[in-house]
Each structure stands twice: as structure tokens, then as C-alpha cells.
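Reading through the C-alpha cells given below for one structure.
The values are calculated or read from the model by the stated rules, or taken from the named source; none is laboratory data. Bear in mind the structure is a predicted one, so any value in this text is a computation, not a measurement. Neighbour counts run over all protein chains shown; Cβ positions are idealised from the backbone, glycine included.
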Amino acid sequence: MYYYGSMALPLTSSSLDATPHQPSTKLPLKAEYAALLSQGGLSVGTVTKVSGPGSYTAMIEMLSVTSQAGYNIAFAGLHDLGVVSLARAGWDLSRVILVDDGSETMQIIALLVAAFDVVVFDATVVDRSWHRLVARAREHKSALVILDRQRTIENHQLRRSPPGVTLVVEELGWSVSTPESPLGSPTLRIVVQEHGLAVGVATVATR
């Protein structure tokens, strides 16, 4: 299900064409990424920031298992995100919504957290309502994922609710093309920070 521009958002995720999952306090991630986090997954009601030039690729790879496990994921304000990339990574597109609503993106995100398990959005849309958004996400047990490709927002700028986990992602190089990946695929270097402290570094070969 995809929406672009002004629209009336569904207030629940029941309109998604999939079987509801069982409630959980931790959402599954692709194994290579789950192994990097002390919680072993994405905790509900928390904020994760993925920054750097490889952040799009890392996010798509990381959350692919979340989607496959039947969780509902919304994207907001990510103008150049295409469903082809999601499909290639094995996402269940029946549980995905893409929203692009211009200047009202934060208001839209506030609606999405009541209906979706994960809401992913660009760092450039963050405004003064950030702390209220995080409180609402905690209330509804929705995980927030900020994409900051240009590393334009620092944790201290996120007011009283900085991300619990930050992944700083760099692209180390690209593999040769294959029939499954005509443009090749990048190898990522990921630095993991939890509550402002560096806890690990890993190299991940994407597919």
C-alpha cells in the first residue's frame, strides 16, 4: 500500500494485507545487524539513528527481516526511496507504506506511530515537536528510525530524546555485478554507538 502527497491516513494497520503478528518488545533484524546490538534487535518505543553515505543500504538490509517477520513499516519524507530496492531485499511490500507529505511530515509521522511497528524518516524533517513524537512512539510501542545520510543532525540536537542506538555507515567499495544485482552491491563499515558510547565496529557485505 503506497500513498503520495496529501491523503487520509488509516488510523490502524488493519488495512494492511497481512496477518497480524504477536506483540513483542523487540523486533527482529537481519542477523548481521542484530549481532551488533546489545539488545539483539530493535526495541519498541526507542529511537535508532542510521547515518552516513551507506545509511539507506544499511536500513534496507537491516529491516528486511523485520518486514519478512510480519511487522508493519512506514516511510515518511524519503523522496528517493523506491520499492524496487525493498523488493530486491526480500521485503513484504503488503506491510509497507510510503508517505510524502511535504511540510506536514512530522504530523504524519505522529499518526503513523499509532499504526505501524516501525516508522523510518529523514533527519531533515525533525522539528520542535520531536520530544512529543518520541513520547507518542513510546506510548504506542513503535520504533523510530532516523536516516541521516549527510550527517546533518547531531544527537544533542534531538533535544531531550537522543537516539539510544546510532549506526554510522560508510561504503568501503562495491562488488562486481551479478544477475541478481546488476549494479553490484556495497560492503559497509558500521560503527555502533549505544547511548553515546561506541560499542563496536563491523564490516558487512550486502547482497
Residue hits (the stretch 102-114; touching a helix residue (DSSP H, G or I) at 6+ places or on another chain (Cβ under 8 Å), farther than 20 Å from PRO28 by Cβ and crowded, with 20+ Cβ neighbours inside 10 Å) are THR105, ILE109
Quickly run through the stretch 118-129 and pick out the residues that are surrounded by fewer than 22 Cβ atoms within 10 Å (Cβ to Cβ) and hydrophobic (A, V, I, L, M, F, W, C). ALA123, VAL125, VAL126
Tell me, which helices (runs of 4 or more DSSP H) wholly within the stretch 36-131 include 3 or more residues that are over 18 Å from ILE146 (Cβ atoms) and not basic (Lys, Arg)? 55-68, 83-88
What is the one condition in (1) farther than 26 Å from THR187 by Cα; (2) touching a helix residue (DSSP H, G or I) at 6+ places or on another chain (Cβ under 8 Å) that LYS141 does not satisfy? (2)
When residues of the stretch 135-179 are filtered for being outside any loop (DSSP other than H, G, I, E, B) and modelled with pLDDT under 75, how many remain? 6
Are any of the residues in the stretch 10-31 touching a strand residue (DSSP E or B) at 6+ places or on another chain (Cβ under 8 Å), outside any loop (DSSP other than H, G, I, E, B) and either modelled with pLDDT of 90 or more or more than 24 Å from GLU154 (Cα to Cα) (or both)? yes
Looking only at residues in the stretch 72-101 that are closer than 25 Å to ALA205 by Cβ and not hydrophobic (A, V, I, L, M, F, W, C), which one is surrounded by the fewest Cβ atoms within 10 Å (Cβ to Cβ)? ASP80
I need a count of the residues in the stretch 52-83 that are of a type in the set (Ser, Thr, Tyr), modelled with pLDDT of 95 or more and under 20 Å from THR166 (Cα atoms). 2
Which residue is farthest from the chain's Cα centre (by Cα), if the candidates are limited to the stretch 61-85 and must be among the β-branched types (Val, Ile, Thr) and closer than 13 Å to PRO28 by Cβ? VAL65
